[in-house]
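I'd like to ask you about the structure that follows.
The values are calculated or read from the model by the stated rules, or taken from the named source; none is laboratory data. Because the structure is a prediction, the values reported are computed rather than measured. Glycine also receives a Cβ, built like all others from the backbone with ideal geometry; neighbour counts cover every protein chain displayed. Note: accessible area is taken over every heavy atom of the protein model, side chains too, but ligands, DNA and RNA are not part of it. Shrake-Rupley method; radii C 1.70, N 1.55, O 1.52, S 1.80 Å.
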Amino acid sequence: MATDTGTTPAHGILSDDGKDDREQLVELLTRAYWMEIETVMSYIANSINPDGVRAQEIIESLDEDIQEELGHARQFGQRIKELYGVVPGSLDFQAEQSYLQPPDEQTDIVHVIKGVIEAETGAIEHYNQIIEFCEGRDPVTQDMVITILRDEEGHRRLFEGFLREYKAAGLA
Ligand SMILES: [Fe+2]
Ligand SMILES: [Fe+2]
């Protein structure tokens, strides 16, 4: 993808020399976009399905996260466009979150907690890769992803705390 005028910036990710980096970055961002979209799907299901008194805290947390993950998806999409990529259509979607499928019993909250931790861990790993790739190439994307990474670390930490409580109670 070439930029559209004769006056492309001489430096940075939007320069002509930055084309290969840009295309690699759009691929990384596209993967991130899909991860966020799948997380939204999984968190919606897992914020509705769980049964029981213990489920309520999890349901409330996931309700909040859904909005944040949706916001992340939008940011990744916007950055894809700014880098001359195209946000993909739904036919390109491939599901990966086997660990966040509904459990056999809807009172199995530990299954949900562990699934969320795994999803957040996957996001943290991928976003660290993007941040590394951006080093010396694209400070703007790097800055955006650092902020998103902090959200994911916060989500992960919260659910790690839930798991700790279940373990202390002998339930996990
Ligand atoms: Fe996210
Ligand atoms: Fe998250």
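Checking the condition within 16 Å of the chain's Cα centre (by Cα) and closer than 20 Å to I37 by Cβ, which residue from D143, D151 passes? Walk me through how you get there before you give the answer.
Details: D143 fails: closer than 20 Å to I37 by Cβ.
Unique residue meeting the criteria: D151.
Determine whether the range 27-42 contains at least one residue that is outside any loop (DSSP other than H, G, I, E, B), over 15 Å from the mean Cα position of the chain (by Cα) and either farther than 30 Å from T107 by Cα or not hydrophobic (A, V, I, L, M, F, W, C) (or both). Don't jump to the end; show me each part of the working.
Just the residues of the range 27-42 that are outside any loop (DSSP other than H, G, I, E, B), to begin with: 27-42.
If we keep only those that are over 15 Å from the mean Cα position of the chain (by Cα) too, we end up with none.
No.
Continuing with the same structure: Please give the number of the condition E132 fails out of (1) open to solvent by less than 70 Å² (accessible area, probe 1.4 Å); (2) assigned to a helix (DSSP H, G or I).
Failing condition for E132: (1).
Right, here's the next one. When the residues of the range 41-58 are narrowed to those that are crowded, with 18+ Cβ neighbours inside 10 Å and without any contact (Cβ under 8 Å) to a residue 60 or more places away in the chain, which ends up farthest from ligand 1 (Cβ to nearest atom)? Before you say what the answer is, go through the steps one by one.
So in the range 41-58, the residues crowded, with 18+ Cβ neighbours inside 10 Å come out as 42-43, 46-47, 50, 55, 58.
Now narrow it down to the ones that are without any contact (Cβ under 8 Å) to a residue 60 or more places away in the chain: 47, 55.
Details: S47: 15, A55: 22 Å.
Going through the qualifying residues, I end up with A55.
Same structure, new question: Just to be sure I understand the filter: pairs with C-beta atoms under 7 Å, separated by 6 or more residues or on different chains, first member in the range 76-90 and in a helix (DSSP H, G or I), second member among the β-branched types (V, I, T). Which pairs pass?
G77/V87; R79/T141; I80/V26; I80/T30; I80/V87; K81/V87
Any idea which residue in the range 15-40 is nearest to E120 (Cα to Cα), counting only those that are open to solvent by 40 Å² or more (accessible area, probe 1.4 Å) and free of Cβ contacts under 8 Å to residues at least 12 places away in the same chain?
Step by step, filter the range 15-40, then rank; the result is E27.
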